[in-house]
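Taken together, the values in this text are just the output of simple stated rules run on the coordinates, not laboratory data. Predicted model, so just to flag it, every value in this text is computed and none were measured. So basically every Cβ, Gly included, is an ideal-geometry build from the backbone, and we count neighbours across all protein chains shown.
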Amino acid sequence: MNWSDRLGAEEDLEVRQALSNFKASVDAWSEAALSRPRTPVRTVRGAWRLAAGWALGCAVAAASLSGALYERQHVREMARIAAARAAAEKAAQEQLASRQLSAGESDQDLLANVDSDISRAVPAAMEPLAQMMDTAQADYAGSKNETK
Amino acid sequence: MRRGETSTKSMAAGTAIQPMTAGAAKGIAAQDFSSVVETHRPQIFRFLLASLRDVDLAETLTQECFLKAHRNWSRFRGDSSPMTWLMRIAINLQKDHWRNRRLQFWRTTRANAVDIDEAGDWLPSGERTAEQQLLAREQVVQVWKAVDRLSERQRTVFLLRYVEERELSEIAQATGLSEGTVKAHLSRALGKVRAELRGKR
């Protein structure tokens, strides 16, 4: 037997031994797993999971419901604020319009007063001319009466 | 495509039970199903445990296997041995399981699977010395590592041969492959085990 043959034989022996140990290991594990006492661990874990699932589901449902209610309330509040703001703006506009109207009236009165005052008052610089006009008018009226 | 591959693909499409033609095994057909369960349950469980490395999953699939076998027991006519028939159901269930797991890609595939080192801890104490035990444990871990790297088909063939100690013809029947394909898979699987053991030295 040469060196490579001997090495191959050794290797085969090792592989055979390893496979035999592997089988023995799987057998031992399998037997132990089959003979282990059956405890309702899975059921308990399943029940716990079920309860946790329900709790989570309820929490999600409650959260979405409260979210929807809050959103609805929020929309209502926003609508109420918008309506109040619109009413306030309308009132302010009406008030402004009435104020402008009354202001316009008072301006007109003022202008009329000014016009009448101006028409009545004669500037000092025109006084001699006015007197002359008065005199001339009087003279003209006298001569007219005399000719009659 | 080879004949063996075709038959395996058609088998992978579901857990179809091998249709049994009329055979000479009237005795087997009359056999009480409970005795079949009692006889073959440890082997089916062992094969599934070695394939999946998950005790709970192996138990579940073993139960499913016998449930399917019970439903189709009247159709079993004994062309193959009950063990081969059951093994075929188990292999199909395992394939279905892996395919479903692959679809559920967000889950970890081996959520409850035992670690290789942990699987290697199982050794019969026997009459060995501590040193021999240690060496055996090392070898078992190396083989588990190699098995972990095998393809699904190679692993199935390897486990049926070296853990269940089935004949090549039985493996061919159970897997739906030809004997030549089984031999090829075994050879490749052994090559990987050998390489793993060589790498350790």
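Which ³J(HN,Hα) values in Hz, rounded to whole numbers, follow from the phi angles of segment A:78-89 under the Karplus curve 6.51 cos²θ - 1.76 cosθ + 1.60, where θ = phi - 60° and Gly and Pro get x?
4, 5, 5, 5, 5, 5, 4, 5, 4, 5, 5, 5
How far apart, in nm, are the 7 Å Cα→Cβ label points at A:ARG36 and A:ASP117?
Here the modelled spin labels are 11.3 nm apart.
Between A:LEU50 and B:GLN133, what's the calculated FRET efficiency when r is the beta-carbon distance and R0 is 45 Å? Round to 0.05.
Details: r = 44 Å, r/R0 = 0.98.
After rounding to 0.05, the efficiency reads 0.55.
Could you list the GluC sites (Glu not before Pro) in segment B:126-201 that lie in coil according to DSSP, counting only those with at most 14 other Cβ atoms within 10 Å of their Cβ?
Numbers: sites: B:GLU127, B:GLU131, B:GLU138, B:GLU152, B:GLU164, B:GLU165, B:GLU167, B:GLU170, B:GLU179, B:GLU196; in loops: B:GLU127, B:GLU164, B:GLU165, B:GLU167.
Qualifying residues, ordered by number: B:GLU127, B:GLU165, B:GLU167.
List B:SER187, B:SER51, B:SER81 from most exposed to least, where exposure is judged by having the fewest other Cβ atoms within 10 Å.
Working: B:SER187 11, B:SER51 24, B:SER81 16.
Arranged by neighbour count, lowest to highest, B:SER187, B:SER51, B:SER81 become B:SER187, B:SER81, B:SER51.
Can you list the residues, at least 5 places off or on another chain, whose amide H is less than 5 Å from the amide H of B:SER178, using H built in the peptide plane?
Excluding prolines and chain starts, which carry no amide H, the hits are B:GLY4.
What list of ³J(HN,Hα) couplings, whole Hz, do you get for segment B:32-44 from phi and the Karplus terms 6.51, -1.76, 1.60, once you set θ to phi - 60° and write x for glycine and proline?
Karplus values, whole Hz, x for Gly and Pro: 5, 5, 4, 5, 5, 4, 4, 6, 9, 4, x, 6, 5.
Holding the Cα-Cα limit at 26 Å, pick out from B:LYS68/B:LYS192; B:LYS68/B:LYS145; A:LYS23/B:LYS145 the pairs that are longer than that. Walk me through the numbers on the way to the answer.
Values: B:LYS68/B:LYS192 34 Å; B:LYS68/B:LYS145 32 Å; A:LYS23/B:LYS145 14 Å.
Table pairs above 26 Å Cα-Cα are B:LYS68/B:LYS192; B:LYS68/B:LYS145.
Would you calculate the separation in nanometres between label points at B:PHE33 and A:TYR140, each defined as 7 Å from the Cα along the Cα-to-beta-carbon direction?
Distance between the two pseudo-spin positions: 14.5 nm.
For segment B:176-192, take each phi angle, set θ = phi - 60°, evaluate the Karplus expression 6.51 cos²θ - 1.76 cosθ + 1.60, and give the result in whole Hz per residue in order, putting x for glycine and proline.
Couplings: x, 9, 7, 4, x, 5, 4, 4, 4, 4, 5, 4, 5, 5, 5, x, 5 Hz.
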